[in-house]
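Enquirer: Structure in structure tokens, see below.
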Amino acid sequence: MSEAQQWYYNTATGQVELGPKSPMEYRIGPYPTKQAAMDALKTAAERNKRWDDEDHAWNSWNDTK
């Protein structure tokens, strides 16, 4: 996949962009499709929750004693 075919979510504007147009600190991606870029915040929230749940399980494995 070339950079020109990659989609990014711009956190400053809330818009998706074809190719890396905005500064790196405002981009999430790359994503293979426009829809995947549009879902970037939802995907990030789901991953963060899963990782938080995994951290909680890891850190509390010995809480039952």
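Enquirer: Collect the residues in region 14-31 that are under 14 Å from A44 (Cα atoms) and either aliphatic (A, V, I, L, M) or open to solvent by 100 Å² or more (accessible area, probe 1.4 Å) (or both), keeping them in residue-number order.
Expert: Scanning region 14-31 gives a single hit, I28.
Enquirer: Please state which of the following conditions K34 fails to meet, knowing it meets all the rest: (1) charged (D, E, K, R); (2) loosely packed, with under 12 Cβ neighbours inside 10 Å; (3) touching a Phe, Trp or Tyr at 6+ places or on another chain (Cβ under 6 Å).
Expert: The one condition K34 does not meet is (2).
Enquirer: Looking at region 1-10 only, could you name the residues that are open to solvent by 70 Å² or more (accessible area, probe 1.4 Å) and polar (S, T, N, Q)?
Expert: Listed by number, the list holds a single entry, Q5.
Enquirer: Quick one: which strands (runs of 3 or more DSSP E) sit completely within the chain and have at least 1 residues that are of a type in the set (S, T, N, Q)? Break it down stepwise before answering.
Expert: Numbers: elements: 7-10, 16-18, 27-31.
Output list reads 7-10.
Enquirer: Let me ask you something else. Hey, can you tell me all the residues within region 37-46 that are of a type outside the set (A, V, I, L, M) and open to solvent by less than 60 Å² (accessible area, probe 1.4 Å)? Before the answer, list the steps.
Expert: From region 37-46, those of a type outside the set (A, V, I, L, M) are 39, 42-43, 46; that's our starting set.
D39, T43, listed by residue number.
The values are calculated or read from the model by the stated rules, or taken from the named source; none is laboratory data. Everything numeric here is computed off the predicted structure, so don't read it as measured data. Reconstructed Cβ throughout: ideal geometry from the backbone, glycine too, with neighbour counts over all protein chains shown. The protein model used for the area step is the full one, side chains on, heavy atoms only, and it has no ligands, DNA or RNA in it. Shrake-Rupley method; radii C 1.70, N 1.55, O 1.52, S 1.80 Å.
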